[in-house]
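Colleague: This is the structure I want to talk about, given as structure tokens.
The values are calculated or read from the model by the stated rules, or taken from the named source; none is laboratory data. From a predicted model like this one, the values you see are computed outputs, not experimental measurements. Here the Cβ positions follow ideal geometry from the backbone for every residue, glycine too, while neighbour counts run over all protein chains shown. Side chains are part of the model used for accessible areas, which takes the heavy atoms of the whole protein and leaves out ligands, DNA and RNA. Shrake-Rupley method; radii C 1.70, N 1.55, O 1.52, S 1.80 Å.
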Amino acid sequence: MGKVSYKKLRGSQNLRQRLLLSTLSATPVQVEDIRANDMMPGLRPHEVSLLRLLEKISDDCVVKINETGTKFQYKPGIVMGGRHLVHDCGVSRAIGYFLEPLVVLGLFSKKPLSIRLKGITNDSKDPCVDTFRSATLPLLKQFGVPSEGLELKIESRGAPPHGGGEVLLSVPIIQSLTAVTWIDEGMVKRIRGVTFSTRVSSQFENTMIHAARGIFNRLLPDVHIFTDHKAGQQAGNSPGYGISLVAETTSGCFITADTAVSYARADDGGMEGEKQELVPAEDVGEQIASVLLNEIEQGGVVDTTHQGLLFLLCALCPQDVSKIRVGKLVTHGIETLRLIRDFLGVKFVIKPDPSTGTVILKCVGSGLKNLSRKSS
């Protein structure tokens, strides 16, 4: 065994994408200066939790963190997958933060992955688990991922600050993805959604639905928003309510928007003891409907939260041209493009389309194959 050469990176930004790409491209990374000048320096609990999760699903992976947490080394191993895994995501970020890297790594692991994640299912920072189920999983199917064995079961919900939710994620393994040409966004044909409420009156959900429908019904008739009121054990440990909306287009694109309302976590500037005023349910419904219409207006085959994942999937395709259309490029998407260039050596050709205000991207995939899977 020779000395491991690490790719040197600085800062805490895009840590999730960096670790994901490091694992896929089998590049050891060393990250320094993680919030070195902060009041609370070093890695946050959710980042450590993500490192532990990567250790859990892979074999021979080495993580070394220094005492203050401002520097760590990560040497990726072979992603093994496996059944009956359990991971507690903690309460500093929602489960949505962990799902995106997990589902991509699951596709390229040795055995199919099935893992139970515990923590916060819905919050206002990360994509909620409903959105993941109704939009992220269909996005994978565009790239030739089979629908058997690809599912997310929501067993109980958890709102911030104390979480208590549980989901069960299953991901099949594939040989390789298929390249896509996906530039037709189509017209919106229907809107579906789910509201949830935990430890509050179920009336909140009806109010949100009424407010959201008030906006949509003027535009299209086919709007169904389902309720999901949890009680007892399945309601987690904190009161909260929220809504996730998905617009489906004639060409099979899913555009989403979601949010959740709950009491702040201690580290978000809210004091533990004091009672805050929660945003009224009616306003939540109206706001999220407007956010969804805004996403639809921007155009593109995915919404802004899925840009990074879309680019990553294109870059992991076989050595064939993928062509996609997105609305406005957001910072998260741009950062992902840079990381893809650094780790996988894939460059995208970016061409604005002035007639629609969208952007068309083309790339030749890196041809990542799942070498660890047993070939029959």
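Colleague: Obtain the nm distance between the two label points defined at Thr331 and Val86 by a simple spin-label model: each point lies 7 Å from its Cα along the Cα-to-C-beta direction.
Modeller: Distance between label points: 3.8 nm.
Colleague: Hey, what's the chain come to in accessible area per residue, 1.4 Å probe, Å²?
Modeller: 45
Colleague: So how do 224-237, 145-158 stack up, highest first, on mean other-Cβ count within 10 Å?
Modeller: Ranking the peptides 224-237, 145-158 by packing returns 145-158, 224-237.
Colleague: Then there is this: Could you grab the Rg to Rh ratio for the stretch 1-70? Cα atoms only, Kirkwood for Rh.
Modeller: Radius of gyration relative to Kirkwood radius: 0.95.
Colleague: What does the charge count around Gly82 come to, taking other residues whose C-beta lies under 11 Å from its C-beta (Lys +1, Arg +1, Asp -1, Glu -1)?
Modeller: Net local charge, Gly82 excluded: +3.
Colleague: Tally up the carbon and sulfur contribution to the accessible surface of the chain as a whole percent, 1.4 Å probe, everything protein left in place.
Modeller: Result for the chain: 51 percent of the exposed heavy-atom area is carbon or sulfur.
Colleague: Roughly how many Å² of Asp320 are accessible to a 1.4 Å probe, to the nearest 10?
Modeller: Accessible area of Asp320: about 90 Å².
Colleague: Measure off 7 Å from each Cα along the Cα-to-Cβ vector at Asn294 and Leu219, then give the distance between these two points in nanometres to one decimal.
Modeller: 1.3
Colleague: Run lengths n ≥ 4 of DSSP H only: what is the helix-derived mean residue ellipticity at 222 nm for the chain, with -39500 (n - 2.57) per run over all residues, to the nearest 500?
Modeller: -8000 deg cm²/dmol
Colleague: Pairs Lys111/Lys351; Lys56/Lys153; Lys71/Lys125; Lys8/Lys369; Lys75/Lys110; Lys141/Lys347: which exceed 28 Å Cα-Cα?
Modeller: Where the Cα-Cα span goes over 28 Å, the pairs concerned are Lys111/Lys351.
Colleague: So how much slack lies between Ser372 and Asp59, counting 0.36 nm per residue of separation and subtracting their Cα-Cα distance, in nm? Walk me through the numbers on the way to the answer.
Modeller: Numbers: separation 313, 0.36 × 313 = 112.68 nm, distance 1.14 nm.
My answer for the length gained is 111.5 nm.
Colleague: So, one more: Largest first, what is the accessible-area ranking of Arg218, Arg325 with a 1.4 Å probe?
Modeller: Ranked list, largest accessible area first: Arg218, Arg325.
Colleague: Let me ask something else. Tell me the volume per residue, in Å³, of the convex hull enclosing the alpha carbons of the stretch 189-324.
Modeller: 146
Colleague: Pop the C-beta distance of Lys125 and Thr181 into the FRET formula with R0 = 22 Å and round what comes out to the nearest 0.05.
Modeller: Computed FRET efficiency for Lys125 and Thr181 comes out at 0.10.
Colleague: Could you name the aspartates and glutamates whose alpha carbon sits less than 16 Å from that of Lys3, not counting residues in the same chain fewer than 8 places away?
Modeller: Asp60
Colleague: By its C-alpha gyration tensor, with a ≥ b ≥ c as the square roots of the eigenvalues, how is the chain shaped: rounded for a/c under 1.5, else prolate for a/b larger than b/c, else oblate? Don't jump to the answer; show the numbers that get you there.
Modeller: Numbers: a/c = 1.63, a/b = 1.19, b/c = 1.37.
Because a/c hits 1.5 or more and a/b fails to exceed b/c, the chain counts as oblate.
Colleague: Heavy atoms of the protein only, probe of 1.4 Å, neighbouring chains included. What is the accessible area of Ile115 in Å², nearest 10?
Modeller: 0
Colleague: Under 19 Å from a point placed 7 Å out from the Cα of Val321 along the Cα-to-Cβ direction: which residues of the stretch 328-360 have their backbone N that close?
Modeller: Answer for this model: 346-354, 359-360.
Colleague: To continue, here is another question. What is the sum of charges around Glu282, taking Lys and Arg as +1, Asp and Glu as -1, for the other residues whose C-beta is under 15 Å from the C-beta of Glu282?
Modeller: Its environment carries a net charge of -3.
Colleague: Further question on the same structure: How far is it, in nm, from the label point at Lys153 to the one at Gln203 when both lie 7 Å from their Cα along the line to the Cβ?
Modeller: The answer from the label model is 3.5 nm.
Colleague: From the backbone phi of the stretch 284-299, what are the Karplus-calculated ³J(HN,Hα) couplings (6.51 cos²θ - 1.76 cosθ + 1.60, θ = phi - 60°) in whole Hz, Gly and Pro given as x?
Modeller: 4, x, 5, 4, 6, 5, 5, 4, 5, 5, 5, 4, 5, 5, 5, x
Colleague: With N residues in the stretch 273-323, what two-decimal value do you get for its Cα radius of gyration over 2.2 N^0.38 Å?
Modeller: 1.84
Colleague: Per 0.36 nm of contour for each residue apart, how much would the distance between Arg52 and Ser251 grow if the chain were fully extended, relative to their Cα-Cα spacing?
Modeller: 67.7 nm
Colleague: Arrange the peptides 88-95, 256-263, 8-15 so that the one whose residues have, on average, the most other Cβ atoms within 10 Å appears first.
Modeller: 256-263, 88-95, 8-15
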